[in-house]
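Structure first, then comments.
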Amino acid sequence: MIVDIDLDKCTSCGLCDPICPADVIHMEQNGDKEFPVIQYPEHCVTCFNCEIFCPEQCIDVHPIVRRRPLPW
Ligand code: SF4
Ligand code: SF4
């Protein structure tokens with residue numbers, strides 16, 4: 001299950017919202033930018049899409065495996 005998004009490294013690109021098949025992550029306005037919020041963590045199917053596709057590698061789905069190597 002998704003455990004953390006490091007908002008200090010997040011660039012607000014928004015990719016993690018549409019790429020999640022379970023609609024867990026939602027972009028929300030925070031100051032003058034939008035940042036991802038883990039809205040429905042209980043719906044996470046642990047597919048690792050968000051962690052793999054985040055260009056800043058700031059999402060952790062698994063608490064042990066950090067900075068998962070890219071599959072390509
Ligand atoms: S994909 Fe990564 S950098 Fe982009 S909004 Fe999501 S957490 Fe931030
Ligand atoms: S691991 Fe998959 S289901 Fe869970 S938040 Fe990330 S993209 Fe969504």
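Please compute the length gained on full extension between His43 and Ile64, using 0.36 nm multiplied by the number of residues separating them and subtracting their Cα-Cα distance.
Between His43 and Ile64, full extension yields 5.5 nm more.
Return the distance in nm (one decimal) between the two label points of a simple spin-label model at Phe53 and Ala22, each offset 7 Å from Cα along Cα→Cβ.
1.6
Mind listing the long-range amide H neighbours of Met27? Cut-off is under 5 Å, sequence gap 5 or more, other chains count too, H placed in the peptide plane at 1.01 Å from N.
Under 5 Å from the amide H of Met27: Val37.
Let me have the 222 nm mean residue ellipticity of the chain computed from DSSP H runs of 4+ only, each contributing -39500 (n - 2.57), with the sum over all residues rounded to the nearest 500.
Calculated mean residue ellipticity at 222 nm is -2000 deg cm²/dmol.
Which order do Leu70, Leu7 fall in if you start with the one that has the fewest other Cβ atoms within 10 Å?
The most exposed by this proxy come first: Leu70, Leu7.
Please list the radius of gyration and Dmax for the chain, considering alpha-carbon atoms only, with Å as the unit.
11.3, 35
Each value in this text was obtained by applying a stated rule to the coordinates, not by laboratory testing. Source: prediction; values computed, not measured. All Cβ positions, even for glycine, are placed from backbone atoms using ideal geometry, and neighbour counts span all protein chains on display.
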